[in-house]
Amino acid sequence: MNQLKSFSLIVLGLILLFSCKAVNTNAHRKQSILVFSLTKGYHHVSIADGIIAFKKMGNENNFNVDTTTDVNAFTTENLKKYKALVFLSPTGSNVFSDAQKEALKQYVKSGGGVVAFTLQQIFVSNGNGTDT
């Protein structure tokens, strides 16, 4: 039940995020989110339903939803396309290179949004959990 409440709050946050109209020359362009769900080891059965739910939200709220399990999507240039990143139950350790981690850090520093569900050590590079 707590997971359902958390999911509902995050969904509400994404809806609010995309319901705010930005005033710029790209006002007619749809916003996009990237849903990342790579699993290296345990695979959460809820991932498929989560992807369906995000795509439905996108259709209902006029934003694009891209999905991937490819870490190569994490480049500075590619991440610029997204208003928010969703880490949907990814598993594994040290799946991102240093350059990909840096791209993600720059994305966040530039104001990009991040939502994470059941994030399990995908950033750890030294095995002790200090390099996240």
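If you average 1/r over all unlike Cα pairs in region 48-119 and invert the result, what Kirkwood radius do you get in angstrom? Over region 48-119, the inverse of the mean reciprocal pair distance is 13.1 Å. As a rough footprinting exposure proxy, the listed residues VAL35, VAL71 were ranked by other beta carbons within 10 Å of their own, and the order from fewest upward is VAL71, VAL35. In terms of surrounding Cβ atoms within a 10 Å radius of their Cβ, SER110, SER46, SER97, SER37 rank from fewest to most as SER110, SER97, SER46, SER37.
Residues VAL45, VAL95 in ascending order of nearby Cβ atoms (within 10 Å, fewest first): VAL45, VAL95.
Every number in this text was worked out from the coordinates using simple rules, so none of it is lab data. The structure presented is a predicted model; accordingly, all values stated were derived computationally and were not measured. All Cβ positions, even for glycine, are placed from backbone atoms using ideal geometry, and neighbour counts span all protein chains on display.
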